[in-house]
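Colleague: Have a look at this one.
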Amino acid sequence: MLAPSVERRLAGTVGRLGGESAFEVMARAKELERKGRSVVHLEIGEPDFDTPEHIKRAATEAMERGWTHYVPSAGIHELRETVARHLSRTRNVSLSAENVIVGPGGKPVIWCILSALLNPGDEMIYADPAYPAYASAAGYLGASAVPVPLLESRDFRLDLDALTAKIGPRTKVIVINSPHNPTGGVLTRSDLERIAELAQRHDLLVISDEIYSRNLYDSEFLSIASLPGMLERTIIVDGFSKAYAMTGWRLGYAAMPKEIARAVTLFLNNTVSCTTAFVQMAGIAALTGPDDAVIHMNEEFRKRREVLIGGLNAIPGISCVMPQGAFYAFPNITQITPDEKRLAHFLLEEAGVATLAGTAFGAAGAGYIRLSYANSIENLKLALTRIGEALPKFKG
Ligand SMILES: Cc1ncc(COP(=O)(O)O)c(C=O)c1O
């Protein structure tokens, strides 16, 4: 809490910013570890694997070759071309370098896109619960973030009737994220077709956050951009953090109609100037090099998913839908407590397991916690044992 005298100095807009509590919980977990406590980290969404060797080598070689200077704000042309080819192939669309912008992570890319699109008073429809950056950015910009609940009964897919009802004269953008953080839900072809139909009928843009497109377990990835008439009204967001275990490198990208790309580039120009040059060169190696590491990581996530979801469902009071993608479990804990924040706090402080309260992702996360299974099977088993042993002591 800030003293009123300090608060007066800050811009009023600061009060409208949200934030990602995963970073706060991680800081608290690390503090406990410094005090000698053991903590299993299931709070943050980052693969525990090392970045593949050939990607690291490409970065060091690029550095040695002099890629240590400013580069264009929209990204190095060769990377933009590589991304355009990659998306054209994997999303079954036709894109060129001019459609692509590169930024220091998917998150700042999302901020720059929303900054380029939203006027004060505009409405942005998004799923609740959701990755917190969308609503935080919209709120900061003075736009309204309009939540549409994800339904556990639909394996955490959108309530499409509620979505239809929320569209109004001020609606400008629908944000979708499939596979989804924090629930692991995946939209089906018919969900996407219905959203596409609504977007076209009401002349809306769709931001499709596809950062977990490589983390799918039971189906092939389908982008809404590939549906008829959608490429010209879809902005695809993706990045390297999750698929290539490159969270700390800070590299993401998006593809969109050229005029929007030019406006988003202006925001990149005004904020970061450009994205680290040798990191972009490593991005080219990631997209063009061998894919084995990505496939291997996904196979490991699949095994971990079985262990974690099976283990959670064996704990009395917890029930967890099998996530179809990403690397998160979103168990329902309402039989244990109505207060997911207290439970997450208890699990960290008393059981040494760092998780996040579902409400860190929006009001509809009430009654759930999120656990990331981007951790070893050994650690997941340890976390399950600790949760199972500690829960009888929890006073909900
Ligand atoms: C849904 C979603 N989109 C975007 C991002 C941004 O990732 P990064 O900024 O590391 O590229 C994340 C990270 O957790 C995410 O979960």
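The values are calculated or read from the model by the stated rules, or taken from the named source; none is laboratory data. Computed from a predicted structure; not experimentally measured. FYI the Cβ positions are ideal-geometry reconstructions off the backbone, even for glycines, and counts take in every protein chain you see.
Colleague: With A261, A245 as the choices, which residue is at pLDDT 95 or above, surrounded by fewer than 24 Cβ atoms within 10 Å (Cβ to Cβ), among the small types (G, A, S) and in contact with a Ser or Thr (Cβ under 8 Å, 6 or more places away or on another chain)? Let's see the steps before the verdict.
Modeller: Working: A261 fails: in contact with a Ser or Thr (Cβ under 8 Å, 6 or more places away or on another chain).
Just a single option satisfies the conditions, and that option is A245.
Colleague: Report, by residue number, each residue of the range 41-69 that is assigned to a loop (DSSP other than H, G, I, E, B), closer than 29 Å to R304 by Cα and among the hydrophobic types (A, V, I, L, M, F, W, C). First the steps, then the outcome.
Modeller: Taking the range 41-69 as the starting set, the residues that turn out to be assigned to a loop (DSSP other than H, G, I, E, B) are 42-52, 65-69.
Those left that are additionally closer than 29 Å to R304 by Cα: 42-52.
L42, I44, F49, listed by residue number.
Colleague: Select from the range 185-209 the residues that are closer than 22 Å to Y244 by Cβ and in contact with a Lys or Arg (Cβ under 8 Å, 6 or more places away or on another chain) and list them in ascending order.
Modeller: Within the range 185-209, just V186 meets the criteria.
Colleague: If I ask for residues that are within 16 Å of the ligand (Cβ to nearest atom), surrounded by 15 or more Cβ atoms within 10 Å (Cβ to Cβ) and among the hydrophobic types (A, V, I, L, M, F, W, C), which ones from the range 1-36 would you list?
Modeller: A22, V25, M26
Colleague: Mind checking whether some residue in the range 237-252 is without any contact (Cβ under 8 Å) to a residue 24 or more places away in the chain and either in a helix (DSSP H, G or I) or touching a Phe, Trp or Tyr at 6+ places or on another chain (Cβ under 8 Å) (or both)?
Modeller: no
Colleague: Another question about this same structure. Would you check if there is a residue in the range 147-162 being in a loop (DSSP other than H, G, I, E, B), within 16 Å of the ligand (Cβ to nearest atom) and over 25 Å from G15 (Cβ atoms)? Quick ask: steps written out before the conclusion?
Modeller: So in the range 147-162, the residues in a loop (DSSP other than H, G, I, E, B) come out as 155-156, 159.
Cutting the leftovers down to within 16 Å of the ligand (Cβ to nearest atom) gives us 156.
Right, trim to over 25 Å from G15 (Cβ atoms) and you get 156.
Looking through the range 147-162, at least one residue is in a loop (DSSP other than H, G, I, E, B), within 16 Å of the ligand (Cβ to nearest atom) and over 25 Å from G15 (Cβ atoms).
Colleague: Can you find a residue that is in a helix (DSSP H, G or I), at pLDDT 95 or above and either surrounded by fewer than 16 Cβ atoms within 10 Å (Cβ to Cβ) or assigned by TED's automatic domain parsing to the domain that holds S372 (or both) anywhere in the range 316-337?
Modeller: The first filter runs over the range 316-337 and keeps only residues in a helix (DSSP H, G or I), leaving none.
Within the range 316-337, not a single residue is in a helix (DSSP H, G or I), at pLDDT 95 or above and either surrounded by fewer than 16 Cβ atoms within 10 Å (Cβ to Cβ) or assigned by TED's automatic domain parsing to the domain that holds S372 (or both).
Colleague: Could you look through the range 20-40, keep only residues that are hydrophobic (A, V, I, L, M, F, W, C) and assigned to a helix (DSSP H, G or I), and pick out the one that is farthest from the chain's Cα centre (by Cα)?
Modeller: Initially, the range 20-40 is screened for residues hydrophobic (A, V, I, L, M, F, W, C), giving 22-23, 25-27, 29, 32, 39-40.
From the residues that got through so far, the ones that are assigned to a helix (DSSP H, G or I) too are 22-23, 25-27, 29, 32.
Details: A22: 12, F23: 14, V25: 17, M26: 17, A27: 19, A29: 21, L32: 26 Å.
Going through the qualifying residues, I end up with L32.
Colleague: Of all residues being part of a helix (DSSP H, G or I) and polar (S, T, N, Q) in the range 99-139, which is nearest to the ligand (Cβ to nearest atom)? Just the residue, please. It would help to see each step written out before you state the result.
Modeller: Filtering the range 99-139 for residues part of a helix (DSSP H, G or I) gives 99, 106-117, 133-139.
Right, trim to polar (S, T, N, Q) and you get 99, 115, 136.
Values: N99: 19, S115: 15, S136: 12 Å.
Within the range 99-139, the match that is nearest to the ligand (Cβ to nearest atom) is S136.
Colleague: Same structure again: Which residue, of L308, L227, L231, is out of contact with any Ser or Thr (no Cβ under 8 Å at 6 or more places or on another chain), within 30 Å of R201 (Cα to Cα) and aliphatic (A, V, I, L, M)?
Modeller: Details: L308 fails: within 30 Å of R201 (Cα to Cα); L231 fails: out of contact with any Ser or Thr (no Cβ under 8 Å at 6 or more places or on another chain).
Exactly one residue qualifies, and that residue is L227.
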